[in-house]
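The values are calculated or read from the model by the stated rules, or taken from the named source; none is laboratory data. Here the structure is a predicted model, which means the values were calculated and not measured. Cβ: placed from backbone, ideal geometry, glycine included. Neighbour counts: every protein chain shown. Just the protein is used for accessible areas: all its heavy atoms, side chains included, with ligands, DNA and RNA removed. Shrake-Rupley method; radii C 1.70, N 1.55, O 1.52, S 1.80 Å.
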Amino acid sequence: MSEGAPRVERDGDVVTLTMCRPARRNALSREHLTQLLAAVTDVGGTDAAGLVLAAEGPVFSAGHDFADVSGRPLPEVRSLLALCTELMQTLQQVPQVVLARVHGLATAAGCQLVASCDLAVAAESAGFAAPGGKGGWFCHTPMVAISRNVGRKRAMELALTGDVIDARTALEWGLVNRVVPDGELDAAVADLMARATRGSRASKAWGRSTMYAQLDRPERDAYDVAVEVMAAASQLDGAREGMAAFLEKRPPVWTD
């Protein structure tokens, strides 16, 4: 195992992927991005129902490791950002429900990680920022994901000021789903994941991918996508069982 490689643990139907570079503030170096991408891809190929993205140490993730960027030529920086983008998109392409377990700071590409997950539960100690706005390297790619979670004016405030917002503000702005005391973080993660993964897995996986396909389309185009997928999904075993159980007034039996 490479130094600082993410830890992968499975408990029942849920896999937890933990970033283990606390001394480097879980910075997303090229090596670490490659490790995370491989781990997420591997989980995507399993029968797990959920994936929790977590971190060790006092910081969730400080974003890109400037050692990979400072003084590097344009093609090298471009390929690094492309690798990071591939990880963010893969988080939304795997069939599992993906939930960020956030404590401490999540900044720049670390905040992008949170924004790219389906769900996020934050400890009260958490903070979120796109700090490039107050520095010399604007957070262009992190803001792609962040701006799709929060309103336009709030996205601009994050992007332009670079200031940290606390967990309660992140909840109000729509960047996270829950904020809990630090000691209750694991329980809150488990509770939300359990509720988000119940039901037919095949139906949920298709529904999740369709959500991402339609969210940023104009309404007419979004309905075109949703109508076709929802019609086809009615033929899934899970859909048939769910409707039959409702009509027959019995608990459903999921086979997937």
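Summary of values
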quantity: Number of the exception - Ala126 against (1) open to solvent by 10 Å² or more (accessible area, probe 1.4 Å); (2) of a type outside the set (S, T, N, Q); (3) more than 14 Å from the chain's Cα centre (by Cα); calculated: (1)
quantity: Verdict on Gly4 being under 21 Å from Ala205 (Cβ atoms), of a type in the set (Gly, Ala, Ser), in contact with a helix residue (DSSP H, G or I) (Cβ under 9 Å, 6 or more places away or on another chain) and surrounded by 14 or more Cβ atoms within 10 Å (Cβ to Cβ); calculated: no
quantity: Condition met for Ala108 (open to solvent by less than 20 Å² (accessible area, probe 1.4 Å) and on the phi > 0 side of the Ramachandran plot); calculated: yes
quantity: All positions within the stretch 184-236 that are more than 20 Å from the chain's Cα centre (by Cα) and open to solvent by less than 70 Å² (accessible area, probe 1.4 Å); calculated: Gly199, Ser200, Asp221, Ala222, Val225, Ala226, Val229, Ala231, Ala232, Ala233, Ser234, Leu236
quantity: Test: Val189 is assigned to a helix (DSSP H, G or I), touching a residue at least 60 places away in the same chain (Cβ under 8 Å) and within 23 Å of Ala54 (Cβ to Cβ); calculated: yes
quantity: Selection count, the stretch 141-154, where residues are over 23 Å from Leu83 (Cα atoms) and surrounded by fewer than 18 Cβ atoms within 10 Å (Cβ to Cβ); calculated: 3
quantity: Enumeration of residues in the stretch 28-37 that are in contact (Cβ under 8 Å) with a residue 40 or more places away in the chain, under 14 Å from Asp65 (Cα atoms) and part of a helix (DSSP H, G or I); calculated: Arg30, Leu33, Thr34
quantity: Contacts under 7 angstrom Cβ, first residue in the stretch 38-58 being in a helix (DSSP H, G or I), partner open to solvent by 40 Å² or more (accessible area, probe 1.4 Å) and modelled with pLDDT of 95 or more, 6 or more apart; calculated: Ala39/Val8; Gly44/Pro95
quantity: Number of positions in the stretch 57-93 that are closer than 15 Å to Val114 by Cα, in contact with a strand residue (DSSP E or B) (Cβ under 9 Å, 6 or more places away or on another chain) and either open to solvent by 60 Å² or more (accessible area, probe 1.4 Å) or hydrophobic (A, V, I, L, M, F, W, C) (or both); calculated: 6
quantity: Some residue of the stretch 15-37 being surrounded by fewer than 18 Cβ atoms within 10 Å (Cβ to Cβ), small (Gly, Ala, Ser) and at pLDDT 95 or above; calculated: no
quantity: Some residue of the stretch 237-256 being closer than 28 Å to Ala122 by Cα, open to solvent by 50 Å² or more (accessible area, probe 1.4 Å), assigned to a helix (DSSP H, G or I) and of a type in the set (A, V, I, L, M); calculated: no
quantity: Pair list, Cβ < 8 Å and 6+ apart or interchain, from the stretch 107-119 residues that are free of Cβ contacts under 8 Å to residues at least 24 places away in the same chain to residues that are open to solvent by 10 Å² or more (accessible area, probe 1.4 Å) and among the charged types (D, E, K, R); calculated: none
